[in-house]
Amino acid sequence: MPDPTYAELACISNFSFLRGASHPEELVEQAQALGLAALALADINSFAGVVRAHGAAKEAGFPFIPAVRLELDDKAAAIALPTDRAAYGRLSRLITLGRRRAPKGDCILGFADMLAHGAGQVFVALDIAPAALRTLAESFPGNVYLAAWHRLQGDDRRRIAQRAAQSAEIGVPLVAVNDALYHGPGRRRLHDLVTCIREHVVIDAAGRRLEPNAERHLKSPGEMAQLFAGFPEALACSVEIAERCRFSLDELRYEYPKELTREGRSSQEELAHLTALGARDRYPQGVPDKVAAAIRHELALIDTLGYAPYFLTVHDLVAFARERGILCQGRGSAANSAVCYCLGVTAVDPAMHDLLFERFVSAARNEPPDIDVDFEHERREEVIQYVYEKYGRDRAGL
């Protein structure tokens, strides 16, 4: 008989504040040590923990799935696992919608919101009423599963059987999950502590607010096979879902505003135009050959890497500050750029120094540029509000 395989699709990290008790990296390390086929980290209404988990999984060569645990205003809950880049974008917009309509730290989402943003997601229903589950399954055929878990509480076999019957009635497959709150059983005491903090009680008075045992941890495929004896298809479904969810954070790229151009020029043409104007202002007696060569080299590399919109965005902010008399100054590795000097972002004259642009932007480093600009403390809020006003609060964040 082949060894069982299992992928954990429902766990949260300590980025689900006062709900999870393990770091994302600990969850990834434990999942690999246990021999899981993959791990999905699904923090509550948030992607907050996925970056660290992705980094740890990538370094370890372990399959990782970014996901979100959607907790709705009617207490329904489901794991949403994006299958591609477009689905990840829709799920991100869904979270943004819920965060923007709620007080800071909260998220308000309804079932209709989940339906409106559900294309491309695989849904694992944790706690959804039968009628809503049927609607979800009809809206996204083949992409909805019903979760079952075993927590060694005495009634697990009966409850799993009930869920299996419900899955058969509605026509959605049953999938095994742990609904894990931490990576190993030793973390249970810490989870008790954070639960007491969340509930504002001392541990002696916490009672049933605490988990009854230490079973909300990651488990090996062998353990899961024993717990779900008689339901091997529930384990197989977990691996099936993991294989369908191939989206990786490595697919993400910076996407800059495109509207910062004039007279029909492309972003690159606009950057070259503004750089030329700035060079004439910086060097009224004529642009030195050394600086002109540096500008040509930098613009060519910026064009190749597609970074012109970013330079235009920074130039726009600096221009706004200068027009308002707000003190500002670019610093850091951007001072190695003749383009930044000509745009007025930095103050280091490339004609007077031997600068190495590749310290700032290089084709050998697969990362975008980082232009640090300091604004005077007393008037920095004016710049922040300008960003919100120009780009919209749905496209800017602090």
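The values are calculated or read from the model by the stated rules, or taken from the named source; none is laboratory data. Predicted, not measured: the structure shown is a model, and the values here were computed from it. Cβ coordinates were reconstructed from backbone atoms using ideal geometry, including for glycine residues, and neighbour counts include every protein chain displayed. In case anyone asks, the SASA skips ligands and DNA or RNA and just uses the protein heavy atoms, side chains included. Shrake-Rupley method; radii C 1.70, N 1.55, O 1.52, S 1.80 Å.
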Residue-normalised accessible area of the chain, given per residue in Å² at a 1.4 Å probe: 50 Å²
Alpha carbons only, please: Rg and Dmax for the chain, in angstrom. 26.3, 87
Calculated FRET efficiency, Arg324 and Arg93, Cβ-Cβ r, R0 35 Å, to nearest 0.05? 0.60
Cα pair count fraction exceeding 18 Å, expressed as % - segment 15-112: 48 percent
R0 of 25 Å, Cβ-Cβ distance Asp84-Asn366: FRET efficiency to nearest 0.05: 0.75
Given charges of +1 on the Cβ of Lys and Arg and -1 on the Cβ of Asp and Glu, with all other atoms neutral, how large is the dipole of segment 327-397 about its Cα centre, in debye to the nearest 20? 180 debye
Check cross-link reach from Lys58 to the aspartates and glutamates: straight Cα distance under 12 Å, and skip same-chain residues fewer than eight apart. Glu25, Glu29, Asp250
Rounded if a/c is under 1.5, else prolate if a/b is larger than b/c, else oblate: which is segment 295-398, with a ≥ b ≥ c the root eigenvalues of its Cα gyration tensor? oblate
At 1.4 Å probe size, what's the solvent-accessible area of Ile302? Round to the nearest 10 Å². 0 Å²
Within segment 29-79, trypsin sites (Lys or Arg not before Pro) in DSSP loop having at most 12 other beta-carbon neighbours inside 10 Å: Lys75
Using a 1.4 angstrom probe and counting only protein chains, how large is the accessible area of Thr135 in Å², to 10? 60 Å²
Given R₀ = 41 Å, what would the calculated FRET efficiency be for Asp156 paired with Glu389, taking r from the Cβ atoms and rounding to 0.05? 0.15
Give the share of C-alpha pairs in each 5 angstrom bin for segment 189-282, from 0 to the last occupied bin, in whole percents, shortest bins first. 2, 9, 10, 8, 7, 7, 10, 9, 6, 4, 6, 9, 8, 5, 2, 0
Heavy-atom accessible area of the chain with neighbours in place, 1.4 angstrom probe: carbon+sulfur share in percent works out to 52 percent
Would you mind giving the average projected area, over all directions, of the Cα convex hull of segment 239-318 in nm² with one decimal? 7.9 nm²
Go ahead and collect, in residue order, the members of segment 53-88 whose backbone nitrogen is under 17 Å from a label point 7 Å along the Cα-Cβ direction of Glu243. 63-65, 83
Please go through segment 199-255 and write out the trypsin sites (Lys or Arg not before Pro) that DSSP classes as loop and that have at most 14 other C-beta atoms within 10 Å. Arg246, Arg253
